[in-house]
Amino acid sequence: MRTLKAKMLASLALWVAWMLLTAPWSNQEAIAGAVVALLVAFLPLFPASPLGDLRLTPKAIAYGFAYVFVFIKALVLSNFDVAFRVLHPKLPIDPGIVRVTTKLKTPLGRLLLANSITLTPGTITVEMRGEDIYVHWIKVAATDPESATAAIVGNFEKYLEVICG
């Protein structure tokens, strides 16, 4: 069941990409895109897909949309923070690597969290070991794992936990 859900999600994603690339749309292109997307998704080229970890409940879908806005907010705020540090005459940085701990259990959840951290300016995921994620932080505000986790991961994790566990 998990692989069927993953393959259906992959075919839907491929079909949406097809439709975006072939605008303006016609019925023939939509049907051809659907057939090609289903063929590609169901070929046994990719036996294990992390997309099977996605939850498709109404709550998870709502949290997915909310997560986009939470991520954009974090992205904008961190861009302003990094720009301030770069433009400040004294360059107020205190870089370092901190360990944060995640409650996420699925590979997809951890992947999305690590990518969200990396895409946010001022932080880069360096390494992942089990539930620990090592993050290079432009201005280390906390060195203990609990405080660093709250500062870096806190906003993302509660949404990702509902979306993919």
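The values are calculated or read from the model by the stated rules, or taken from the named source; none is laboratory data. All of these numbers come straight from a predicted model, not from anything done at the bench. Note: ideal-geometry Cβ built from the backbone for every residue, glycine included; neighbour counts use all protein chains shown.
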Could you tell me which of the residues Glu127, Glu146 is at pLDDT 85 or above and surrounded by fewer than 16 Cβ atoms within 10 Å (Cβ to Cβ)?
Glu127
Select from the range 35-64 the residues that are farther than 21 Å from Lys105 by Cα, out of contact with any Ser or Thr (no Cβ under 8 Å at 6 or more places or on another chain) and either modelled with pLDDT of 90 or more or of a type outside the set (A, V, I, L, M) (or both) and list them in ascending order.
Pro44, Phe46
From the set of residues in the range 89-118 that are touching an Asp or Glu at 6+ places or on another chain (Cβ under 8 Å) and among the polar types (S, T, N, Q), which is farthest from Leu77 (Cα to Cα)?
Thr106
Residues being part of a loop (DSSP other than H, G, I, E, B) and within 14 Å of Arg129 (Cα to Cα) - total across the range 76-104
3
Pairing a residue in the range 54-79 that is under 23 Å from Leu12 (Cβ atoms) and in contact (Cβ under 8 Å) with a residue 24 or more places away in the chain with any residue that is among the aromatic types (Phe, Trp, Tyr) and surrounded by 11 or more Cβ atoms within 10 Å (Cβ to Cβ), where Cβ atoms lie under 7 Å and the two sit 6 or more apart in sequence or on different chains, gives Tyr63/Tyr159; Ala66/Tyr159; Tyr67/Tyr159
How many residues does the range 149-165 hold that are touching a helix residue (DSSP H, G or I) at 6+ places or on another chain (Cβ under 7 Å), of a type outside the set (Phe, Trp, Tyr) and within 15 Å of Thr120 (Cα to Cα)?
4
Report yes if some residue within the range 105-124 is among the hydrophobic types (A, V, I, L, M, F, W, C), within 28 Å of Leu9 (Cα to Cα), within 16 Å of the chain's Cα centre (by Cα) and not in a helix (DSSP H, G or I); otherwise report no.
no
Answer with yes or no whether Pro121 is within 21 Å of Ile72 (Cβ to Cβ), surrounded by fewer than 20 Cβ atoms within 10 Å (Cβ to Cβ) and either in contact (Cβ under 8 Å) with a residue 12 or more places away in the chain or in contact with a Gly (Cβ under 9 Å, 6 or more places away or on another chain) (or both).
yes
Restricting the search to the range 71-110, which residues are of a type outside the set (Ser, Thr, Tyr), more than 21 Å from Ala141 (Cα to Cα) and buried (at least 17 other Cβ atoms within 10 Å of the Cβ)?
Leu104, Leu108, Gly109, Arg110
Is it fair to say Ala151 is small (Gly, Ala, Ser) and buried (at least 16 other Cβ atoms within 10 Å of the Cβ)?
yes
Subset of the range 115-159 [β-branched (Val, Ile, Thr) and touching a Ser or Thr at 6+ places or on another chain (Cβ under 8 Å)]
Ile117, Thr118, Thr120, Thr123, Ile124, Thr125, Ile133, Val135, Ile138, Thr149, Ile152, Val153
Note: among Ile72, Ile138, Ile93, just one is of a type in the set (Val, Ile, Thr) and within 18 Å of the chain's Cα centre (by Cα), namely Ile72
